Amino acid sequence: MPHRPPDLSRVEISGRAPSSLSPHPAGSSGGVLTRRRPRAFSLSEIVVVVALFGLFSTTALAGLNLTLGYWRTISSRVDAVSSCRLVVGTIANELRQGIPNPAPASTSTGYRQISPPVDPTAVLRPNASSPIANELVFTEPDPTRYDPLNSSFDPEDPSYYRTVRYYVTGGTVRREVKTWTSSGSVANTVDGVLANMDSAELRVTWRAPDLFDLEFSCTRGKDAARLNTQIFVLGK
């Protein structure tokens with residue numbers, strides 16, 4: 001069936017267009033459509049934000065400084081204690097290996113040089129005649145020569161021994177080692193640093209030919225440490 005166009009003569013036109021077809025949105029007074037610009041921050045808002053940021057930064061920095069200060073304090077204290085343990089441990093371990101050097105007094109290398117005479121001992125200073133000292137001097141086998149199983153070994157030959165001295169100068173703990181010739185003259189001297197501190201003090205007390213008290217104190221920064229121990233010398 002053929003399509004017929006609508007009869008426009010019967011269409012009634014009202015006086016107002018539907019609101020959906022209105023060229024202006026509801027509530028507008030007509031005219032050109034405008035887009036509202038975003039509102040900028042006011043000066044007072046910016047000042048508040050800057051003040052809050054400054055307060056937060058100050059608080060964070062104060063907490064960081066407190067943490068770093070606490071860490072430095074603990075680190076200094078740990079360093080002081082560790083230095084004391086290093087010195088005391090090193091001295092004690094080596095002193096326990098000391099043995100008497102029975103070389104004649106004329107060689108001035110062993111315990112027979114001490115006057116008045118003392119019982120055989122590895123420790124030359126302190127001793128029974130001078131029981132307190134701020135250094136420790138003792139004899140031990142020279143590992144490069146000491147061999148009691150060798151048929152030519154002579155226990156009174158000073159070249160088979162060496163003399164070890166621990167002492168403090170300023171805040172430095174030093175270890176000196178002397179080796180000897182058969183006649184008792186110095187063959188070689190090696191002096192090295194064991195530990196460095198701000199200040200240090202070594203005190204050794206004679207209790208018996210084979211028993212000694214060792215006291216060592218030191219400071220690092222504002223922290224101080226002190227260690228005491230008793231050392232038993234196996235070889236006297």
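The values are calculated or read from the model by the stated rules, or taken from the named source; none is laboratory data. Only a predicted model underlies this, so the values are computations on that prediction, with no experimental measurement involved. Every residue, glycine among them, receives a Cβ derived from its backbone with ideal geometry; neighbour counts consider all protein chains shown. In case anyone asks, the SASA skips ligands and DNA or RNA and just uses the protein heavy atoms, side chains included. Shrake-Rupley method; radii C 1.70, N 1.55, O 1.52, S 1.80 Å.
Can you pull out every residue in region 72-129 that is free of Cβ contacts under 8 Å to residues at least 40 places away in the same chain, under 20 Å from SER217 (Cβ atoms) and of a type in the set (A, V, I, L, M)?
Answer for region 72-129, where residues must be free of Cβ contacts under 8 Å to residues at least 40 places away in the same chain, under 20 Å from SER217 (Cβ atoms) and of a type in the set (A, V, I, L, M): ILE74, VAL78.
Looking at region 119-156, which of the residues that are open to solvent by 30 Å² or more (accessible area, probe 1.4 Å) and of a type in the set (A, V, I, L, M) is farthest from TRP180 (Cα to Cα)?
Within region 119-156, the match that is farthest from TRP180 (Cα to Cα) is ILE132.
Step by step: first the residues of region 80-103, then only those that are open to solvent by less than 30 Å² (accessible area, probe 1.4 Å) and polar (S, T, N, Q), then the one that is modelled with the highest pLDDT. Which residue is that?
Filtering region 80-103 for residues that are open to solvent by less than 30 Å² (accessible area, probe 1.4 Å) and polar (S, T, N, Q), the one modelled with the highest pLDDT comes out as ASN101.
Quick grid of which residues meet (1) crowded, with 16+ Cβ neighbours inside 10 Å; (2) of a type outside the set (Lys, Arg); (3) in contact (Cβ under 8 Å) with a residue 24 or more places away in the chain; (4) out of contact with any Leu (no Cβ under 7 Å at 6 or more places or on another chain):
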residue	(1), (2), (3), (4)
ALA200	yes, yes, yes, yes
PHE212	yes, yes, yes, yes
THR219	yes, yes, yes, yes
ARG226	no, no, yes, yes
ILE231	yes, yes, yes, no
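Residue-by-condition table, conditions (1) exposed (fewer than 12 other Cβ atoms within 10 Å of the Cβ); (2) modelled with pLDDT of 80 or more:
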site	(1), (2)
SER14	yes, no
LEU66	yes, no
ARG77	no, no
ALA105	no, yes
PRO117	yes, yes
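Would you mind stating whether THR179 is open to solvent by less than 60 Å² (accessible area, probe 1.4 Å) and touching a helix residue (DSSP H, G or I) at 6+ places or on another chain (Cβ under 8 Å)?
yes
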